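Undergrad: Structure below; questions to follow.
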């Protein structure tokens, strides 16, 4: 099967396509990994950043309240395959707009909705994208490698037996209001050796009250807000600890509060969720994990009852 011309309308698909050997010809304004996508023509943007009403802009081929799609860039790319998403219309341009744009421009292109709710969906999307872009062999090899890595995490030394008590773990997808990570995140926690008591696999990120978080009393607290890089996650974690009375929470008392890059790993359903899984497993299983953990204490957030500590966790391959 020959390789096709591809454009991508959201970061997860750009990452997968590039990993399979096809760097998209044009990408969304949010795509930032791998570095090769950063100089590609930009297909999308925020409506609020336009100088005029998108309905009156000739180059805007489709838009909603948040995002627009540049028809000139899409037409110039003339893709065989358009990779889009239907997981979250807030996080990225919706699949419906992609279909609308392809129809209006009369492009001979396949629109593939790369949708994921579970870890299995993430793996299946490797195959789906690979078939769509003419890289099925690479997709098969990548999926096999990911499945092998997941299994190694589950069976590694230090992994708790299935019938033993596991440390309580919370991974926050947002901090104000507090939301616990959903979809594949609960599965990552369980596979990494933790107990996820605040969300169900496949469910959307849900609000969690301060009282519920204190009641669950996580022994490991990871903060990886949607769309935030490591620096932004660290700032959000610090603000959370200042705002909320979490001094009695086990993770805070033990200094096991970790800020991680949400945008790069937990929020995107690409192959890099396995990178996050491996790092999460190290964080959960040992307070002195060998991952790149930097104790980060900011001025003004310590009090007389407990030192509020935020540890910045750099996942291999991502700058902190």
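Undergrad: Only one of these is under 24 Å from residue 137 (Cβ atoms), touching a helix residue (DSSP H, G or I) at 6+ places or on another chain (Cβ under 6 Å) and free of Cβ contacts under 8 Å to residues at least 24 places away in the same chain: 23, 6. Name it.
TA: So the residue among 23, 6 that is under 24 Å from residue 137 (Cβ atoms), touching a helix residue (DSSP H, G or I) at 6+ places or on another chain (Cβ under 6 Å) and free of Cβ contacts under 8 Å to residues at least 24 places away in the same chain is 23.
Undergrad: Out of contact with any strand residue (DSSP E or B) (no Cβ under 8 Å at 6 or more places or on another chain), modelled with pLDDT under 95, closer than 19 Å to residue 112 by Cα and outside any helix (DSSP H, G or I), is that true of residue 89?
TA: yes
Every residue, every condition in (1) assigned to a helix (DSSP H, G or I); (2) buried (at least 20 other Cβ atoms within 10 Å of the Cβ), yes or no:
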residue	(1), (2)
186	yes, yes
189	yes, yes
200	no, no
204	no, no
211	yes, no
214	yes, no
222	no, yes
264	yes, yes
277	yes, yes
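Undergrad: Continuing with the same structure: Say whether the condition of being surrounded by fewer than 21 Cβ atoms within 10 Å (Cβ to Cβ) and more than 30 Å from residue 275 (Cα to Cα) is met by at least one residue in the range 81-96.
TA: Yes, there is a match, as at least one residue in the range 81-96 is surrounded by fewer than 21 Cβ atoms within 10 Å (Cβ to Cβ) and more than 30 Å from residue 275 (Cα to Cα).
Undergrad: On to the next question. Give the range 160-184 a look and list any residue that's assigned to a loop (DSSP other than H, G, I, E, B) and under 18 Å from residue 275 (Cβ atoms), or say none.
TA: 181, 183, 184
Undergrad: When residues of the range 99-143 are filtered for being in a loop (DSSP other than H, G, I, E, B) and either within 29 Å of residue 201 (Cα to Cα) or not assigned by TED's automatic domain parsing to the domain that holds residue 68 (or both), how many remain?
TA: So the count comes out to 8.
Undergrad: Now for a separate question. Identify all residues within the range 1-56 that are surrounded by fewer than 16 Cβ atoms within 10 Å (Cβ to Cβ) and in a helix (DSSP H, G or I); write none if there are none.
TA: 35, 36, 47, 48, 49, 55, 56
Undergrad: Is there any pair linking a residue in the range 203-214 that is outside the structural domain of residue 184 (by TED's automatic domain parsing) to one that is in a helix (DSSP H, G or I) and surrounded by fewer than 16 Cβ atoms within 10 Å (Cβ to Cβ), with Cβ under 9 Å and at least six apart or on different chains, and which?
TA: none
Undergrad: Please determine whether any residue of the range 171-178 is at pLDDT 95 or above and in contact with a helix residue (DSSP H, G or I) (Cβ under 6 Å, 6 or more places away or on another chain).
TA: Scanning the range 171-178, I find at least one residue that is at pLDDT 95 or above and in contact with a helix residue (DSSP H, G or I) (Cβ under 6 Å, 6 or more places away or on another chain), so the answer is yes.
Undergrad: Continuing with the same structure: If a residue must be touching a helix residue (DSSP H, G or I) at 6+ places or on another chain (Cβ under 8 Å), farther than 20 Å from residue 228 by Cα and surrounded by 19 or more Cβ atoms within 10 Å (Cβ to Cβ), how many such residues does the range 57-70 contain?
TA: Counting residues in the range 57-70 that are touching a helix residue (DSSP H, G or I) at 6+ places or on another chain (Cβ under 8 Å), farther than 20 Å from residue 228 by Cα and surrounded by 19 or more Cβ atoms within 10 Å (Cβ to Cβ) gives 6.
Undergrad: Considering only the range 171-181, I want to know if a residue exists there that is surrounded by fewer than 18 Cβ atoms within 10 Å (Cβ to Cβ) and in contact (Cβ under 8 Å) with a residue 24 or more places away in the chain.
TA: Yes, the range 171-181 has at least one match.
Undergrad: What are the residues in the range 235-252 that are touching a residue at least 12 places away in the same chain (Cβ under 8 Å) and surrounded by fewer than 18 Cβ atoms within 10 Å (Cβ to Cβ), if any?
TA: Across the range 235-252, the qualifying residues are 239, 242, 243, 244, 245, 247, 248, 250.
The values are calculated or read from the model by the stated rules, or taken from the named source; none is laboratory data. These numbers come from a predicted model, not from an experiment. No Cβ is skipped: glycine too gets one built from the backbone with ideal geometry, and neighbour counts run over all protein chains shown.
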